[in-house]
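Engineer: My questions all concern the structure below.
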Amino acid sequence: MEQKVTAASIEKKSLIGQRVKKPDAPDKATGKTRYINDMVLPQMLIGKVLFAGRPHAKIVSIDVSAAERLPGVHAVLTGKDAAGLKFGFVRDNVPLKEKVLCEHDEIAAVAAETEEIALKALDLIKVEYEDLPGVFSPEVGREASAPQLRENFPDNKSLRFEFKHGDLAAAEATSDFIADNVFRPHHVTHCCMGTSCAIADFDSNGKLTIWTQTQYPYNYKMDLAPALGITPGDIRVIQPPVGGAFGSKLDVYPYEPIAALLARKTGRPVKVIYSREDEFRASPTRQAAIIHMRTGCKRDGTITFRTADVLLDNGAYTSWGPTIPVIMMRTTSGHYRVPVVDFKAQAIYTNNPYAGSFRGYGNVQTTFATAQQMDILADQVDMDPLAFHIKNAQKSGEVTPQKSFLRECVLAECLETAARTSDYSRKRKEYAAERGKPGRYKKGIGLASSIHNAGGAKIHKSDGIGTILKVDDYARVTVITGASEIGQGIDAVINLIVSEELGVPLEHVTIVNNDSDIAPWDVGVHASRTTFIAGNGTRRAARKAKAQILKAAEKMLGEPAETLELRGGSVVRDQCGTPLIKLDRLLRQMHFQAEPELVMVTDYYEPNSEPEGADHISNHSAAYSHAVHVAEITVDTLTGEIKVDRITSAQDVGRVINRMGLEAQTEGGIAIGLGYALSENMQLERGLLKNPCFRDYKLITAPEMPELEMHFIESNCAEGPYGAKGVSELPTIVIAPAIANALFNATGVRIFNPPLSPEKVARAIHEKQQQEK
Amino acid sequence: MQDIKTYLTPCSIGEAVKAMAAGDVTVFCGGTDLSPQVESGARQYTNTLMNIRRVEGMGGIAEQGDSIRIGALTTVTEIRRDPLIAKTAPILAEAAEHFASDQIRNAASLGGNICNASPAGDMINPLLVLDADVELTRWQDGAATTRRVAMADFFLAPRKTAKRDDELLTAVFFKRPAANFIGFFRKSGPRPALEISTVSVGIGGQMDNGVFRNVRVAMGSVAPTPLRARNVEAALEGKPLNADTIRAAVAAVSADAKPIDDVRASAWYREHLVKVFTEEVLNHVLGN
Amino acid sequence: MSLETEIKFTLNGRPVTARVPVTMKTLTMLREVLGLTGTKYACGEGECGACTVKVDGITLNSCLMHAVDCDGREVVTIEGLKTPDGMNAMQQAFVDHGAVQCGFCMPGMIMQADYLVGENPSLTREEAQRGLEGNLCRCTGYTKVLDAVESVVEKKCCGRR
């Protein structure tokens, strides 16, 4: 029956590119949100971990009797309770150790009624160690004389990666200039504001529920199961709101199976939560590396080759850190047009803390090298420095030696935009001329770019996502998505896309994404993939629902579905916007008709990319993008302080979806990159962390954030949702070398091992002045 | 875990020091040093915990004759905002300005910062330049009795002061600086990049027709205790302040500053910074 | 285990009585004894500001303050900022300007921002930066936090600067 609606016509108003509020922001701003750190379950016990506190040792004896007897203690576990429960990428880790391989090895764990009792119980555990000589750098670790840390890994060798393309000797022969340097990207850590926390509980059927901060809920089951000797299907993963992740939760770390082992032993829910000191010592780091890089070019500015010989500090166990060469080589072969490539990386086991994933994953480290070498060569070639960058910038349609297909490539436009709006070329010349002159404060300007995956990264068998969507009788939409919300704002993006496609108000959308019993598969939040993958999945599901709704509308209204749209909560005639029936009314009619119809759709989206492959030659992402940063700094040549005055960024985002969220992720990514560049440093001395606190591990604070000018270049990615590309890692990747290049511009000093701390800068300037005397 | 047997909240100085006479008392107010130190295990609670927030007569900033008196419970924020301090001793306001963070400034007491006796003590540095005295009170012969100790004599060893365990630091006094007194404080900053090293320099004295007299030079984090840099002072005392004397003063820094290598900075860098700051502050004095 | 004592104070406008160990910090009391988990633990040593609360009108780090020191005083936490009509101006501004990402640091950040503007209604952006130096955030880079603070100042000042 046609329902006449005589309201005025509804205009098409797209949400794409608008500023959309994050749906969970009000609860977070009022303190209502219950983070995992805030959760309390009935009968819950508190779990605490005893860490070794020494980097390499045999455990001679361990006596937990006094701890077990302490009133309020329900369980004490040690390495023998976890024997054989091997987990990890190469199965080299166990939840509780019988031998110490790094400072934060978990030696024992206690579950007690209060935190106070649990901590007291830890104090009562008596451990006798026999200290062994340790390995504290990969350079030492690979020597034949170094202590052998593991039986199955001779010469302490862990993972190895290689990629070669073209004739290197020939390329070297044709090069007029070769930049040849060793870079030492250092250990930093994520410093999530919410410390590591997991709550585990077994039900009476032996099925595990684990509340976790994981950002990859499905493969997480697969990785956690062997640590407990159970099957992945028996694990329910619940993701409460978290206080940040940034890649630190892309693997299973021992405190999680420890929570589950304690829960199994006690029969009660157990919450393990780290103090900030525990967090500094025991959560994964960014992968530290020694990168010997060489970039060659001709006098006319053509890059001829790039090589990288990389040594990685594997740390005591293998997590995602030592796998970064998969991305490092993509940068080595794909950052600018590089005809000949020779990349090799070797990870070496040490007794240092071990690395996981961290925003920028291998590209932070590599771009610190490639972008500085570009700057070095720019001063040598017979052309304007900016022209040198642009000459070597790929164009749309080019393919890298590893077959990364740069379908839409606007690196040149990013370079031009950033350089023009910052007046880069003129300032670079001017500041370089000021270098030698007297004066305490020197200005510098530096440019850096990079390339990163922007359409997922098919390093697993699947890079896809499942989406379930329903629209109810009140035209309220529920999206059940595999995409994890870790603070990055995918909830706002999904919300926006649903409202855009179905014409419903933003407030009428509910997102369910945090229970593996309910939500379908997603690989996880990594590789800047979530807007791209979940955006596409959401759009596809929403369009399926729309198709079903408009087909029903066609039947009821007698107007062709192709002429109809969903707008402002109604079905409208697309061309003129005349509303024909309110959406909720239509849905109820669909529901209560003779052959009832509910709107419930499912979608699985797999991006159009190729698996990584052992030879590393494949188009492993459905899109790639670029960013350029220009950093303007003032250097106090006496104290060595670098003040960042201004950052201009030009990034290929494909298409702006949620403008406010995009800005927020860019600003936040830059802040993490600034900390990496200027002040963050894990000071490890013979395997012990000397600065496990915010007082001595310096994060960027509010007064240190410079003015930011952000340009979002829209290359309209054919594969991305509304043309969008992934965005969040590039801001972290590009800023550090931009600052290093600016430092050189200002002072003639180049620093190859971050951070560019005031002391390092002051010393380098001092030494340069001594040399010049 | 600490087993505290008694918790006291005295309302008068007499009550407070009488309790301290019995011994074994841990005193606190804001807790900005006590709390992290107990948390880390660097300090232990004793049998009696005493909260001195409510003690009357331990607050306030006021003139007393030719001196300024600052009550020990005065917070760093109160010092930062006080008009009398701004007028008479801006060097102290400057130190308060750069002290930690707003939340710490709001809770940290002057007495706490002094008794904590860190070589970095930001409030201690300008007080050394101002030739301040601390007032110590104890219960003796049935009454609360006070004595004064010069700040310059107060710090004996790392974290150790001349205050007895049964004494309470109740106030700080310094003579109102002469009209021709100039003093500046310079600390590593902006936070946080340099706060790691927490090197500080405070210099003050009377400018008498270009001649610098009664010079006081204080340095933080370059010695086991907050330091009066006597060699630097000697290089400046009674001499015209000019490029030559400044150069000599900077050279004299090495004789006074004996910094160490630690997780925050190397000895080389600390000494380098102190020299830079010394020159900077002296040029600032000259410019005024 | 530890000596306990009873304290009486005003919490978010209401009188409250609590019995706490004398060594307990205000942060722990709020979260575990009184069930107000809005105030966060992120470092426990006064470096990050996530535990910022207002006591007698001034902000401080509740992880450093002994709970017994709340006796007789007025404590306001993030849960106490909202008005009968909903979020207060600062909370609303944070939401409107996209200043909230993971949100863990936000209760402390909002408390401090609210305090700063209350103390100085013509707060400049630079003064806001300095005033927030004791609040660490890993997600936002502070830019939208400062935008939010500026917007509240503008509304209060009605254009006057």
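Every number here is computed from the coordinates shown, using simple stated rules; none is lab data. Keep in mind that what you see is a predicted model, and the values were worked out from it rather than measured. Because the Cβ atoms are built from the backbone with ideal geometry, glycine has one as well, and the counts that use them run over all protein chains shown.
Engineer: Nearest 500 deg cm²/dmol is fine: what mean residue ellipticity at 222 nm does the protein assembly as shown get from its DSSP H runs of n ≥ 4 alone, each adding -39,500 (n - 2.57), divided by its residue count? List each step's numbers first, then the result.
Structural biologist: Details: 35 runs with 367 residues, N = 1222.
When only DSSP H runs of four or more count, the value is -9000 deg cm²/dmol.
Engineer: Out of C:Val100, C:Val22, C:Val53, any idea which swings most in a Gaussian network model of chain C, alpha carbons joined below 10 Å?
Structural biologist: C:Val22
Engineer: What ranking, highest mean first, results for peptides B:18-30, A:172-184, A:694-706 when packing means the other Cβ atoms within 10 Å averaged over each residue? Walk me through the numbers before you get to the answer.
Structural biologist: On the way: B:18-30: 18.8, A:172-184: 16.3, A:694-706: 21.8.
In decreasing order of mean packing, B:18-30, A:172-184, A:694-706 become A:694-706, B:18-30, A:172-184.
Engineer: In terms of the Cα gyration tensor, with a ≥ b ≥ c the square roots of its eigenvalues, is chain B rounded because a/c is under 1.5, prolate because a/b exceeds b/c, or oblate? Before the final figure, lay out each step's value.
Structural biologist: On the way: a/c = 2.09, a/b = 1.55, b/c = 1.35.
Since a/c reaches 1.5 and a/b is larger than b/c, the shape of chain B is classed as prolate.
Engineer: For segment A:508-644, what value does the Rg/Rh ratio take when both radii are computed over Cα atoms and Rh is the Kirkwood radius, given to two decimals?
Structural biologist: Working: Rg = 23.9 Å, Rh = 19.7 Å.
Looking at segment A:508-644, the ratio lands at 1.21.
Engineer: How large is the translational diffusion coefficient of segment A:255-386 in µm² per second when you combine the Kirkwood radius over alpha carbon pairs with Stokes-Einstein at 37 °C and 0.692 mPa s? Intermediate values should be presented prior to the final figure.
Structural biologist: Working: Rh = 17.2 Å.
For the chosen part, D equals 191 µm²/s.
Engineer: Further question on the same structure: Taking each residue of C:16-26 in turn, how many C-beta atoms of other protein chains fall within 10 Å of its C-beta, and what is the average? It would help to have the intermediate numbers written out before the result.
Structural biologist: Details: counts 0, 0, 0, 0, 0, 5, 9, 10, 1, 4, 1.
The shielding value for this peptide is 3.
Engineer: Net charge near A:Glu767: determine it from the other residues with C-beta under 13 Å of the C-beta of A:Glu767, scoring Lys and Arg +1 and Asp and Glu -1. Mind showing how you got there, number by number?
Structural biologist: Details: positive: A:Arg750, A:Lys760, A:Arg763, A:Lys768, A:Lys773; negative: A:Glu759, A:Glu772.
Summing Lys and Arg as +1 and Asp and Glu as -1 gives +3.
Engineer: Please give the Cα centre distance for segment A:401-425 versus segment C:112-156, rounded to the nearest Å.
Structural biologist: 35
Engineer: How big is the dipole moment of the protein assembly as shown about its Cα centre under a simple scheme where the beta carbon of each Lys and Arg is +1, that of each Asp and Glu is -1, and everything else is neutral? Debye, nearest 20, please.
Structural biologist: On the way: 139 positive and 149 negative charges, 150 e Å.
It comes to approximately 720 debye.
Engineer: Whole number please: convex hull volume per residue of the Cα set in segment C:89-160, in Å³? All intermediate terms of the calculation are to be shown ahead of the outcome.
Structural biologist: Numbers: hull volume 5.2 nm³, N = 72.
It comes to 72 Å³ per residue, whole-number rounded.
Engineer: Counting Lys and Arg as +1 and Asp and Glu as -1, what is the net charge of the other residues whose Cβ lies under 9 Å from the Cβ of A:Thr189? Intermediate results must be reported in sequence, preceding the final value.
Structural biologist: On the way: positive: A:Arg286; negative: A:Glu279, A:Glu680.
Net of charged neighbours comes to -1.
Engineer: Another question, then. Where a ≥ b ≥ c are the square roots of the eigenvalues of the C-alpha gyration tensor, would you call segment B:14-100 rounded, which needs a/c under 1.5, or, failing that, prolate if a/b is larger than b/c, or oblate? Don't jump to the answer; show the numbers that get you there.
Structural biologist: Values: a/c = 3.37, a/b = 1.54, b/c = 2.19.
Judged from the Cα gyration tensor, segment B:14-100 comes out oblate (a/c at least 1.5, b/c at or above a/b).
Engineer: Then there is this: Taking a spot 7 Å from the Cα of A:Ala173 along the direction of its beta carbon, which residues of segment A:294-323 have an amide N less than 18 Å from it?
Structural biologist: So the set is A:296-299, A:304-306.
Engineer: Further, regarding this structure: By count of other Cβ within 10 Å, fewest leading, how are A:Thr323, A:Thr332 ordered? Write out the running numbers ahead of the final one.
Structural biologist: Numbers: A:Thr323 23, A:Thr332 29.
Exposure proxy ranking, most exposed first: A:Thr323, A:Thr332.
Engineer: What are the radius of gyration and Dmax of the protein assembly as shown, computed over its Cα atoms and given in Å?
Structural biologist: 31.6, 106
Engineer: Let me ask something else about it. Can you pull the mean other chain C-beta count within 10 Å for peptide C:64-72?
Structural biologist: Numbers: counts 13, 7, 10, 0, 5, 9, 0, 4, 3.
For peptide C:64-72, the averaged partner shielding equals 6.
Engineer: Over 32 Å between Cα atoms: which of A:Lys21/C:Lys40; A:Lys126/A:Lys271; A:Lys86/A:Lys126; A:Lys48/B:Lys160; A:Lys12/A:Lys551; A:Lys391/A:Lys760 fall into that group? Walk me through the numbers on the way to the answer.
Structural biologist: On the way: A:Lys21/C:Lys40 23 Å; A:Lys126/A:Lys271 24 Å; A:Lys86/A:Lys126 25 Å; A:Lys48/B:Lys160 35 Å; A:Lys12/A:Lys551 20 Å; A:Lys391/A:Lys760 34 Å.
Too far apart for the 32 Å limit: A:Lys48/B:Lys160; A:Lys391/A:Lys760.
Engineer: Within a 10 angstrom radius of each residue's Cβ in A:590-598, how many Cβ atoms of other chains show up on average? Whole number is fine. Please report the intermediate quantities before stating the final value.
Structural biologist: Values: counts 0, 0, 0, 0, 0, 0, 0, 0, 0.
If you average over the peptide's residues, the count of other-chain Cβ atoms is 0.
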